[in-house]
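Asks: A single structure is presented below for examination.
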Amino acid sequence: MDLFQSYNSLDDLDTESKYLIHKAKEATQFAYAPYSKFQVGAALLLDDNSVVVGSNQENASYPLCMCAERVGLYSLGNTFPEKKIMKLAVVAHKKNHKELTLAAPCGACRQVLLEYEQRQKAKMEILFLSDQQKWLKYLSAASLLPYSFSADSLIH
């Protein structure tokens, strides 16, 4: 079974995925990235077709920064805890540039995505641009983080 699908261009994706990527790109305008100048946006498509967005938020004390994916996920958890995430798109670009660049979720975001997927007992698709400028659609958060840490890891 394939863990992901690869697309050569945005035009090759389905309409829903293109829309979600567009919403993620819109979210980059709210990024607070004065240090990295790397603006990231995430958009989550929910089971009722509503969209929740997040953008990265930096801090001079770097460990206090928050990725766009987690801003969106935590906003969802606080606002719509009963809704399921069907799909998440994440995009990034340098400040004052329109071209999108690689925006794979970091390890911490992958862990949080996985736990949300486990909580909702349903897979979510994850879309991002690869370093070869291809769009990747992962079919589950679990496929991004093999050998993951979970609640089961806490049981002795």
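Asks: Does the stretch 89-121 hold any residues that are within 18 Å of residue 51 (Cβ to Cβ), free of Cβ contacts under 8 Å to residues at least 60 places away in the same chain and either part of a strand (DSSP E or B) or among the aliphatic types (A, V, I, L, M) (or both), and which are they?
Replies: Once the filter is applied, which keeps residues that are within 18 Å of residue 51 (Cβ to Cβ), free of Cβ contacts under 8 Å to residues at least 60 places away in the same chain and either part of a strand (DSSP E or B) or among the aliphatic types (A, V, I, L, M) (or both), the stretch 89-121 yields only 113.
Asks: Testing residue 60 on (1) touching a Phe, Trp or Tyr at 6+ places or on another chain (Cβ under 9 Å); (2) closer than 25 Å to residue 5 by Cβ, one condition comes back false. Which one is that?
Replies: Among (1) touching a Phe, Trp or Tyr at 6+ places or on another chain (Cβ under 9 Å); (2) closer than 25 Å to residue 5 by Cβ, the lone unmet condition for residue 60 is (2).
Asks: Here is a follow-up. So how many residues does the stretch 8-19 have that are closer than 17 Å to residue 99 by Cα, touching a residue at least 60 places away in the same chain (Cβ under 8 Å) and surrounded by 13 or more Cβ atoms within 10 Å (Cβ to Cβ)?
Replies: So the count comes out to 1.
Asks: How about the stretch 44-74: which of its residues are in a helix (DSSP H, G or I) and either over 15 Å from residue 31 (Cα atoms) or not small (Gly, Ala, Ser) (or both)?
Replies: 62, 63, 64, 69, 70, 71, 73, 74
Residue-by-condition table, conditions (1) out of contact with any Phe, Trp or Tyr (no Cβ under 9 Å at 6 or more places or on another chain); (2) closer than 22 Å to residue 144 by Cα; (3) surrounded by 17 or more Cβ atoms within 10 Å (Cβ to Cβ); (4) among the small types (Gly, Ala, Ser):
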site	(1), (2), (3), (4)
21	no, yes, yes, no
33	yes, no, yes, yes
42	yes, yes, yes, yes
47	yes, yes, no, no
70	yes, yes, yes, no
100	yes, yes, yes, no
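Asks: Continuing with the same structure: Provide a single number: the residues in the stretch 27-75 that are among the charged types (D, E, K, R) and at pLDDT below 95.
Replies: Qualifying residue count, the stretch 27-75: 0.
The values are calculated or read from the model by the stated rules, or taken from the named source; none is laboratory data. None of the values given here were measured: they were computed from a predicted structure. Reconstructed Cβ throughout: ideal geometry from the backbone, glycine too, with neighbour counts over all protein chains shown.
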